[in-house]
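The values are calculated or read from the model by the stated rules, or taken from the named source; none is laboratory data. Please read these numbers as outputs of a predicted model, since none were measured by experiment. Counting neighbours? That spans all protein chains shown, and the Cβs are built from the backbone with ideal geometry, glycine included. Remember, those area values only see protein heavy atoms, side chains included, never the ligands or the DNA or RNA. Shrake-Rupley method; radii C 1.70, N 1.55, O 1.52, S 1.80 Å.
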Amino acid sequence: MSIFAPLSLPNHSVIPNRLAKASMEEDMADNDHAPSRALIRLYETWAQGRIGLMLTGNVMVDGRAMTGPGGVVLEDERYLSRFQDWAKAARSGGAKVWMQINHPGRQMPAMLGQKTKAPSGVALDLGSLSKQFGVPLEMTENDISDVIDRFASTAKLSERSGFDGVQIHAAHGYLLSQFLSPLTNRRNDRWGGVIENRARLLVEILKEVRVCVSPSFAVSVKLNSADFQRGGFSPEDSHRVIELLNELEVDLVELSGGSYEAPAMQGEARDGRTLAREAYFLEFAKEIAKVARMPLMVTGGIRRREVAEQVIASGVAMAGMATALSLNPCLPNDWLLGKESVPQLRPITWKNKVLASLARMAMVKFQMNRLAAGRRTKPHVSPLWALVQDQIRAGIKARRYRRWVAFKRAPNSGFL
């Protein structure tokens, strides 16, 4: 099977080829936390690279719950025209475009000044950096009901904006992933305990989303194969969740892994070299494919054509790329033309894994900001320089976000 062969989904929509731009956190919202002109230009750039499926960065279902200070929020139709511009730009090269919708739960930076909520009051353990995140409040039944409604509302608004589908983020330690993991979900009610209860929130959201959108609108899930923490969400849990999703109208499942505490999703080997680590979650996918009835997608460090071909040859439907496309947005087209392009960031050899993870994300954001400005990327940018720049920007955006939230809460703002 060629990586440039089309893929028909269960809902009968067709993705032009088997290569996907996986989600990356751009942090490029405008002052209204809607898509900025820079973000739209970035997706116009990716659209010309002949990618088959484009997944957006996090779009938040609740403006009070953010993965970062520059995140996009879609809560109502107030700025729908900007989302329509975003969808139009992303689709301009023929790709299908899905909006990734998310809630961070406890993984919301403390500098944003909001109370965080999670399935249980379990704080992040990041060593010396733990203070950057607060201790979450345990969610009530009303909180859970509100989250279900918000995911459904954002999905409906996404379809109205011209997107072809949504991806519900249930990986990387965000809220739905927190419910799935016994480390972060210590509840004794119907939302906790056995995996069927821990998966209940994801299942209920999927059911509600499907009711709110048309049959031709794709509904997908991003799921951890494992969270790579002792006693956490396991491959066996992942198998059971896939079995539950088989009974629902799910068009594709993207397999990833890890969280802020164990950032395996970055897919980088210690030596930064081996081909096997480029398809980081491929072995998990081969096992899960034995029970999955929907197409699967694997993401995690892919940057070589032969690895993407290995993924598709294994029976996995799609190969997702992130960092590679932040360095070369035309990578699929280069491969189609027979060019040997292997984009790679400068390796990080820092001993502190959490800082190294933050630096790597900062290096990716550095590349995306350059692309959004119409400039060439710099794969060998200093990790320290990128991290310092990113932290400065984050501080500025955090102050802007706190003002935005204060304005929304003002009695005469029109938001209440």
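For LYS207, the lysines whose Cα comes closer than 20 Å to its Cα, not counting residues fewer than 8 places off in the same chain, are LYS156, LYS222. Could you grab the relative contact order for the chain? Cα pairs under 8 Å, six or more apart, rounded to a whole percent. Result for the chain is 16 percent. Between ARG393 and LYS286, the simple spin-label model (points 7 angstrom out along Cα→Cβ) gives 3.8 nm.
Calculated on the alpha-carbon coordinates, the convex hull of the stretch 140-222 measures out at 86 cubic angstrom per residue. Over all distinct Cα-Cα pairs of the stretch 69-202, the Kirkwood formula returns a hydrodynamic radius of 16.2 Å.
Over the stretch 312-416, Cα pairs under 8 Å with separation of 6+ residues give a relative contact order of 22 percent. For GLU138 and LYS378, what does the FRET efficiency come to when R0 = 56 Å and r is the distance between their Cβ atoms, rounded to the nearest 0.05? Efficiency at R0 = 56 Å is approximately 0.80. Between SER81 and PHE407, the contour length at 0.36 nm per residue exceeds the alpha carbon distance by 115.2 nm.
Taken over the C-alpha atoms, the stretch 1-89 has Rg and Dmax values of 14.6, 45 angstrom.
Length gained on full extension, TRP385 to LEU244, computed as 0.36 nm times the residue gap minus the Cα-Cα distance: 46.3 nm. In the elastic network of the chain, a GNM with C-alpha springs shorter than 10 Å, the most mobile of LEU80, LEU55, LEU248 is LEU248.
For CYS330, the solvent-accessible surface computed with a 1.4 Å probe is close to 50 Å², ligands and nucleic acids excluded.
For the stretch 288-384, the fraction of C-alpha pairs farther apart than 19 angstrom is 51 percent. In a DSSP loop and with at most 14 other Cβ atoms within 10 Å, the trypsin sites (Lys or Arg not before Pro) in the stretch 89-168 are LYS115.
Scaled to the globular estimate 2.2 N^0.38 Å, the Cα spread of the chain, given as radius of gyration, is 0.90. Note on the stretch 74-140: along the principal axes its Cα atoms extend 44, 26, 21 Å, ordered by decreasing extent.
Checking the cross-link pairs LYS115/LYS290; LYS21/LYS378; LYS290/LYS378; LYS88/LYS365 against a 31 Å limit on the alpha carbon distance flags LYS115/LYS290; LYS290/LYS378 as lying beyond it.
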